[in-house]
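Undergrad: My structure is below; once you've seen it, I'll send some questions.
The values are calculated or read from the model by the stated rules, or taken from the named source; none is laboratory data. None of these values were measured; they are calculated from a predicted model. Ideal geometry is used to build each Cβ from the backbone, glycine not excepted, and the neighbour counts take in all protein chains shown. Keep in mind that these areas ignore ligands, DNA and RNA; they rest on the heavy atoms of the full protein, side chains included. Shrake-Rupley method; radii C 1.70, N 1.55, O 1.52, S 1.80 Å.
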Amino acid sequence: MTNALEHIAIIMDGNGRWALKRGLPRTAGHQKGGETLITICKAARRMGIKYMTVYAFSTENWKRPPAEVSFLMKLFEVYLDKYTKQLVEDGIRVIFIGNRDMLDSSLVQKMNELEQKTSMNNETTLQVCLNYGSRDEIIHAVQKAATLIKNGDILPQNIDEKTFSDMLYTKGIPDPDILIRTSGEKRLSNFLLWQLAYTEFFFTDTLWPDFTPEELAQIIETYQTRERRYGKV
Ligand code: IPE
Ligand code: IPE
Ligand code: MG
């Protein structure tokens, strides 16, 4: 028996420290981190991973210095321009979750375009969390549920785990089997609080820009040795 593995979630952390260690501005770390994401995404596809969810920008990240925030927002656009074609050809479907209202319209347009252009791809789905916060997501779902009840569309007692899950941004995506956080931090930082209820956690000191497909393969190997209460196939 092996442990089921179809979804890996990653908190890509440590870009700033990677840059500082090299005497570079933090932004250089974000740039390198973006390249790492593309490499890992391709590796995941080769390994047959169906879903990958990555934390790109949290609802808390707006509190960073304005210059860093605007650099990141621009960088997302640069990456979307640079990699759309490749992602389409690589068979990777990209979807974005999080609150888009606060994002620049030019960025939102590119996100919509990439989602639409890759919508027919079915090898690996890359779910990018951008301006995502798990509490925001849960509140949003509660508001949805309350509206349905108010309109008489559902009875309170008929809201169960499945119907509630379907009100989250991650509707239709299975819960992650593995969570990886790089850079040595051991917290969730408002990431997928509902969805990670039974996920196996892996923390590595490697800074995200240094993370490699080899380390991913090692984590998967270790995951296969863990005794999971649920999720065997
Ligand atoms: C993660 O790297 C990337 C984002 C949050 C956008 P950090 O920027 O958090 O890097 P450290 O944690 O400061 O090293
Ligand atoms: C979490 O990393 C968010 C992303 C990786 C996008 P942070 O580096 O922002 O988290 P905290 O602030 O250390 O908790
Ligand atoms: Mg960090």
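Undergrad: If the only charges are +1 at each Lys and Arg Cβ and -1 at each Asp and Glu Cβ, what is the size of the charge dipole of the chain around the Cα centre, to the nearest 20 debye? Each step should come with its number before you reach the end.
TA: Numbers: 30 positive and 30 negative charges, 66 e Å.
Approximately 320 debye in magnitude.
Undergrad: What's the center-to-center distance, using Cα atoms, between region 141-194 and region 96-139 in Å?
TA: Cα centroid to Cα centroid, the span is 16 Å.
Undergrad: Pop out the carbon and sulfur fraction of the accessible area of the chain as a percent, whole number, probe 1.4 Å.
TA: Summing carbon and sulfur atoms, their accessible area is 54 percent of the total for the chain.
Undergrad: State, to one decimal in nm, how far the label point of residue 21 lies from the label point of residue 62, with both points 7 Å from Cα in the Cβ direction.
TA: About 3.2 nm, to one decimal.
Undergrad: Taking 0.36 nm per intervening residue step and subtracting the Cα-Cα distance, what contour gain separates residue 194 from residue 158 on full extension?
TA: Difference between extended and current length: 11.1 nm.
Undergrad: Would you work out the relative contact order for the chain, in percent, from Cα pairs under 8 angstrom that are 6 or more residues apart?
TA: On the way: 342 pairs, mean separation 71.9, N = 233.
Result for the chain is 31 percent.
Undergrad: Rounding to the nearest 20 debye, state how big the charge dipole of region 1-60 is about its Cα centre with +1 on each Lys and Arg Cβ and -1 on each Asp and Glu Cβ.
TA: 280
Undergrad: Moving on to the next point. Looking only at 154, 49, 95, which one moves most when the chain is put into a Gaussian network model with springs between Cα atoms under 10 Å?
TA: Ranking 154, 49, 95 by mean-square fluctuation puts 154 first.
Undergrad: Further question: Quote the FRET efficiency, to the nearest 0.05, computed for residue 186 versus residue 46 with a Förster distance R0 of 30 Å and r equal to the Cβ-Cβ distance.
TA: About 0.55, to the nearest 0.05.
Undergrad: Evaluated at 37 °C with a viscosity of 0.692 mPa s, what Stokes-Einstein diffusion coefficient in µm²/s does region 1-157 have when Rh comes from the Kirkwood expression over alpha-carbon pairs?
TA: Result for D is 190 µm²/s.
Undergrad: While we're here: Put +1 on the Cβ of every Lys and Arg and -1 on every Asp and Glu Cβ in region 9-88; which of 24, 48, 87 then has its Cα farthest towards the positive end of the dipole?
TA: 48
Undergrad: Using alpha carbons only, how many angstrom separate the centre of region 1-61 from the centre of region 195-233?
TA: 13
Undergrad: What fraction of the DSSP beta bridges in the chain is antiparallel, stated in percent and rounded to the nearest 5? Can you show the working numbers first?
TA: Numbers: 1 of 27 bridges.
Of the beta bridges lying entirely in the chain, close to 5 percent run antiparallel.
Undergrad: Restricting to DSSP H runs of at least four residues, report the calculated mean residue ellipticity at 222 nm for the chain, -39500 (n - 2.57) per run over all residues, nearest 500 deg cm²/dmol.
TA: -14000 deg cm²/dmol
Undergrad: OK, next. Can you tell me the accessible area per residue over the chain, all protein chains present, probe 1.4 angstrom, in square angstrom? Write down the numbers at each step before the final one.
TA: Numbers: 12070 Å² over 233 residues.
Per-residue accessible area for the chain comes out at 52 Å².
Undergrad: Another question, if that's okay. Normalise the Cα radius of gyration of region 1-53 by 2.2 N^0.38 Å (N = residues in it) and let me know the number.
TA: Cα Rg divided by the expected 2.2 N^0.38 Å: 1.43.
Undergrad: Search the structure for amide H atoms under 5 Å from the amide H of residue 93, placed 1.01 Å from N in the peptide plane, and list their residues when 5 or more places away or on another chain.
TA: For residue 93, whose amide H was placed from the backbone, the distant partners under 5 Å are 123, 124, 125, 126.
Undergrad: How much of residue 58 can a 1.4 Å solvent probe reach, expressed as accessible area in Å² and rounded to 10?
TA: Per-residue accessible area (residue 58): approximately 10 Å².
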